[in-house]
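Trainee: Dumping the structure here so I can ask a few things about it.
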Amino acid sequence: MKTKHRAVITVLTVVSLVYVLPVVAVAINSFKKNTFVKSETFALPDAESFVGVDNFVKGMTFGNYPFAKSVLYSIFITVASTALILLFASMAAWFIVRVNNLISKIFYYLCVFSMVVPFQMIMYTLARTADKLSLNTPFTIPVIYLGVGAGMAVFMFSGFVKAIPIEIEEAASIDGCGPVKTFFKIVIPLMTPTLISVGILEIMWIWNDYLLPMLVLDITKYRTIPIHIQYLKGSYGTVDLGATMALILLSIIPVIIFYVSCQKHIVDGIAAGAVKG
Amino acid sequence: MKNKKDLTIYQKSIRKWGWLFLGPIMIAFAIGFLWPFIHGLYLAFCDFRLVSEAKFTGLANFGKALSDEGFLHSFVFSAIFTVVSMILINVLSFAVAYYLAKEIKGTKVFRTVFFMPNLIGGIVLGYLWSMIFDGFLSMFETSVLMDSKFGFWGMIIMVCWQQIGYMMIIYIAGFKTIDESMLEAANIDGANGRQTLFKVMIPNMLPAISICLFLSIANGFKLFDQNLALTAGMPITTAADGTMIKGTEMMALNIYNTFYGQSSFGHGVAQAKAVIFFVIVAAIGIIQLMVTGRRKNENKA
């Protein structure tokens, strides 16, 4: 039994090392001169190919767009959209479960329905609608994300609200606590674990989303990180692979930090979300 | 149990606040989903380049979409890709989960490593892997864009790398739900490892297995970012009748290119393709609901 375990651990260790190799390769290549990235992808930088932090310096303004700006837009859009979704979807889910009238039933089933509709079905008309309503800036796009993300968030929150005993709230209401206060003072604290799980799913989605902001925003003015990365290659001619790798590394690092710092919540959230879904 | 129609005083007091609790999200939902969906459905039956000039043409767009070789190719390519990636992802993630569900040394580290690629976005992932594949293939003086086979297997490797960790989490959660006493009983009855796996574990893991199967099918069919970033549909071949076919273009990318690329079709045909795509994806979702719903009912009975 012990030797068997050792064999399993050895195999898993080897596989894990292979698994992190692509990210390591990006890191290595981000310190190499452009011409060496393609010809010696898997070699460590040597005296000839090593360029220090040149690629990172170059990457900051590479692609005719400041990288820092795309980072700020990405952070703002992700945080604002996630906050909107968490607030309004949890409110809606609580109302739907507690009141359960015709409107909330219809809305709930529309939410479930929206989960099986692929984005390609609505992308053209959505971009047009966003344009018409002037929701096409990074500061208004959270409204679009709220609409597109409402379905899944309401569905997940509803599943959780059903498990909250109504008696706690009724006791509060007898004590003179109004519905709005009840929701924010009593229901929200009970929902914290679900808020975290759903929040993480939304952050992962919006941070990495490419197509929606690409179609909705005016990309000559506003780019998120995925749009910026895509347009590095899109602007044909001189693609500096060294600088591209530097930017890819810079865009992976925050993701890894986020993952390491809330790993437990991420894993729990996915396990919970999948069992419900 | 109270009749649902008789709301308690408490529930009635909440109902007055519907405008606040449901209002904002319903407006956003109407803007972000409902209206675009209805409008998109209507436009699939119209001929237009500008929406203001849309003319109703019935099913003509669907006829054009279904006779477009490029679209049919993207459907077949997506279907094959989905089946291959579904099998590989599930077999591999199940195997990894089987070992990681046991409390062996370093389980946490392994889980962390396997899950990590999942958080990297599709576009970044595509460029990351295009560097790796081209770094390797350039030794043979070729590129991932040169041959559809390279593109196909390149994307398979990429989505496996990305999704195995995700499915692994669900499978581990599934393994944890198996009753210890059942495994002990199997052990006492003299079942060997393989028998325990196939006769005890797998039957008890059917919910997790069906979730992962459907998730990977949906992910496969809807793949877009990775496809765009790794191959963008390359290479292009010319069919017998002279139409250009992109060898590694999947359905979502084909629809995107019909809308925004240099396509001879109008936007109406692109929207019709999107409706066909929607029907396929929705059918997968409904089958999933039926399968998982039936199991829930069985459990209740």
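Trainee: State whether one or more residues within region B:81-89 are more than 17 Å from B:L223 (Cβ to Cβ), surrounded by 13 or more Cβ atoms within 10 Å (Cβ to Cβ) and either touching a helix residue (DSSP H, G or I) at 6+ places or on another chain (Cβ under 9 Å) or in contact (Cβ under 8 Å) with a residue 24 or more places away in the chain (or both). Reasoning before the result, please.
Mentor: So the first thing to find is which residues in region B:81-89 are more than 17 Å from B:L223 (Cβ to Cβ), and the list is none.
Scanning region B:81-89, I find no residue that is more than 17 Å from B:L223 (Cβ to Cβ), surrounded by 13 or more Cβ atoms within 10 Å (Cβ to Cβ) and either touching a helix residue (DSSP H, G or I) at 6+ places or on another chain (Cβ under 9 Å) or in contact (Cβ under 8 Å) with a residue 24 or more places away in the chain (or both), so the answer is no.
Trainee: What are the pairs with Cβ atoms under 7 angstrom where one residue, in region B:28-55, is under 18 Å from A:T140 (Cβ atoms) and facing chain A (nearest Cβ under 7 Å) and the other, located anywhere, is not in a helix (DSSP H, G or I) and not β-branched (V, I, T)? Sequence gap at least six, or different chains.
Mentor: B:I31/A:L133
Trainee: Report whether or not A:S49 is at pLDDT 90 or above, out of contact with any Pro (no Cβ under 8 Å at 6 or more places or on another chain) and more than 30 Å from A:F157 (Cα to Cα).
Mentor: For A:S49, the condition - at pLDDT 90 or above, out of contact with any Pro (no Cβ under 8 Å at 6 or more places or on another chain) and more than 30 Å from A:F157 (Cα to Cα) - is not met.
Trainee: Conditions first: (1) more than 22 Å from A:L250 (Cβ to Cβ); (2) surrounded by fewer than 22 Cβ atoms within 10 Å (Cβ to Cβ). A:I96 passes all but one, so which condition is the exception?
Mentor: Just one mismatch for A:I96, condition (2).
Trainee: Name the residue that is nearest to A:T220 (Cα to Cα), counting only residues in region A:125-155 that are free of Cβ contacts under 8 Å to residues at least 60 places away in the same chain and either in contact with a strand residue (DSSP E or B) (Cβ under 8 Å, 6 or more places away or on another chain) or facing chain B (nearest Cβ under 9 Å) (or both).
Mentor: Ranking the qualifying residues of region A:125-155, first place goes to A:R128.
Trainee: Within region B:166-174, can one find any residue that is in contact (Cβ under 8 Å) with a residue 40 or more places away in the chain, within 30 Å of A:Y231 (Cβ to Cβ) and under 23 Å from the mean Cα position of the chain (by Cα)?
Mentor: Initial filter on region B:166-174 (in contact (Cβ under 8 Å) with a residue 40 or more places away in the chain): B:166-172, B:174.
If we keep only those that are within 30 Å of A:Y231 (Cβ to Cβ) too, we end up with B:166.
Filter once more, keeping what is under 23 Å from the mean Cα position of the chain (by Cα): B:166.
There is at least one residue in region B:166-174 that is in contact (Cβ under 8 Å) with a residue 40 or more places away in the chain, within 30 Å of A:Y231 (Cβ to Cβ) and under 23 Å from the mean Cα position of the chain (by Cα).
Trainee: Which of the residues belonging to region B:189-231 are farther than 27 Å from B:G285 by Cα, part of a loop (DSSP other than H, G, I, E, B) and not acidic (D, E)?
Mentor: Once the filter is applied, which keeps residues that are farther than 27 Å from B:G285 by Cα, part of a loop (DSSP other than H, G, I, E, B) and not acidic (D, E), region B:189-231 yields B:G190, B:A191, B:N192, B:T231.
Trainee: Follow-up. Considering only region B:94-104, I want to know if a residue exists there that is out of contact with any His (no Cβ under 9 Å at 6 or more places or on another chain), part of a loop (DSSP other than H, G, I, E, B) and exposed (fewer than 14 other Cβ atoms within 10 Å of the Cβ).
Mentor: Yes: region B:94-104 contains one or more residues that are out of contact with any His (no Cβ under 9 Å at 6 or more places or on another chain), part of a loop (DSSP other than H, G, I, E, B) and exposed (fewer than 14 other Cβ atoms within 10 Å of the Cβ).
Trainee: Count, please, the residues in region A:204-254 that happen to be β-branched (V, I, T), part of a helix (DSSP H, G or I) and surrounded by 21 or more Cβ atoms within 10 Å (Cβ to Cβ).
Mentor: Residues that pass the stated criteria total 8.
Trainee: Please state which one of A:V14, A:V20 is out of contact with any Lys or Arg (no Cβ under 8 Å at 6 or more places or on another chain), without any contact (Cβ under 8 Å) to a residue 60 or more places away in the chain, more than 10 Å from chain B (Cβ to nearest Cβ) and within 30 Å of B:M168 (Cα to Cα).
Mentor: Result: A:V14 is the single residue among A:V14, A:V20 that is out of contact with any Lys or Arg (no Cβ under 8 Å at 6 or more places or on another chain), without any contact (Cβ under 8 Å) to a residue 60 or more places away in the chain, more than 10 Å from chain B (Cβ to nearest Cβ) and within 30 Å of B:M168 (Cα to Cα).
Trainee: Does region B:238-262 hold any residues that are away from chain A (no Cβ under 14 Å) and free of Cβ contacts under 8 Å to residues at least 24 places away in the same chain, and which are they?
Mentor: Those that are away from chain A (no Cβ under 14 Å) and free of Cβ contacts under 8 Å to residues at least 24 places away in the same chain: B:T238, B:A240, B:G242, B:Q262.
Trainee: Just one of (1) closer than 30 Å to B:K105 by Cα; (2) of a type in the set (A, V, I, L, M); (3) more than 9 Å from chain B (Cβ to nearest Cβ) trips up A:A25, so point out which.
Mentor: The single condition A:A25 does not satisfy is (3).
Trainee: Answer yes or no as to whether B:K222 is modelled with pLDDT of 85 or more and not assigned by TED's automatic domain parsing to the domain that holds B:I157.
Mentor: No.
Trainee: When you go through A:F95, A:F113, A:F88 one by one, which is the residue that is assigned to a helix (DSSP H, G or I), over 27 Å from B:A44 (Cβ atoms) and without any contact (Cβ under 8 Å) to a residue 60 or more places away in the chain?
Mentor: Every option except A:F95 fails the conditions.
Trainee: Another question about this same structure. Pull up region A:11-35, narrow it to residues that are more than 25 Å from A:V255 (Cβ to Cβ) and in contact with a Phe, Trp or Tyr (Cβ under 9 Å, 6 or more places away or on another chain), then point me to the one that is modelled with the lowest pLDDT.
Mentor: In this case the residue turns out to be A:K33.
Trainee: Oh, and also: Using the structure shown, decide if A:M204 is within 11 Å of chain B (Cβ to nearest Cβ) and within 26 Å of the chain's Cα centre (by Cα).
Mentor: yes
Trainee: Going through B:V124, B:V144 one at a time, which residue ends up being part of a loop (DSSP other than H, G, I, E, B), crowded, with 22+ Cβ neighbours inside 10 Å and in the same structural domain as B:L228 (by TED's automatic domain parsing)?
Mentor: B:V144
Trainee: Quick check on my filter: what residues within region B:11-69 are surrounded by fewer than 14 Cβ atoms within 10 Å (Cβ to Cβ), of a type in the set (D, E, K, R) and not in a loop (DSSP other than H, G, I, E, B)?
Mentor: B:K12, B:E53, B:K55
Trainee: Among residues belonging to region B:172-218 that are within 14 Å of chain A (Cβ to nearest Cβ) and among the aromatic types (F, W, Y), point out the one that is nearest to B:I156 (Cα to Cα).
Mentor: Filtering region B:172-218 for residues that are within 14 Å of chain A (Cβ to nearest Cβ) and among the aromatic types (F, W, Y), the one nearest to B:I156 (Cα to Cα) comes out as B:F214.
Trainee: Taking region A:75-104, which residues are more than 10 Å from every other protein chain (Cβ to nearest Cβ) and farther than 21 Å from A:E169 by Cα?
Mentor: Residues satisfying the conditions are A:I75, A:F76, A:I77, A:T78, A:V79, A:A80, A:S81, A:T82, A:A83, A:L102.
Trainee: Search region A:160-181 for residues that are within 16 Å of B:I9 (Cβ to Cβ) and free of Cβ contacts under 8 Å to residues at least 40 places away in the same chain and pair each with any residue that is charged (D, E, K, R) and in a loop (DSSP other than H, G, I, E, B) when their beta-carbon atoms are under 9 Å apart and the residues are at least 6 apart or on different chains.
Mentor: Cβ pairs passing all conditions: A:P179/B:K16.
Trainee: Right, something else. Looking at B:I211, B:I217, which is the one that is in contact with a Ser or Thr (Cβ under 7 Å, 6 or more places away or on another chain) and either surrounded by 17 or more Cβ atoms within 10 Å (Cβ to Cβ) or in contact (Cβ under 8 Å) with a residue 12 or more places away in the chain (or both)?
Mentor: Numbers: B:I211 fails: in contact with a Ser or Thr (Cβ under 7 Å, 6 or more places away or on another chain).
Answer to the check: B:I217.
The values are calculated or read from the model by the stated rules, or taken from the named source; none is laboratory data. From a predicted model like this one, the values you see are computed outputs, not experimental measurements. Heads up, the Cβs are rebuilt from the backbone with ideal geometry, glycines too, and the neighbour counts pull from every protein chain shown.
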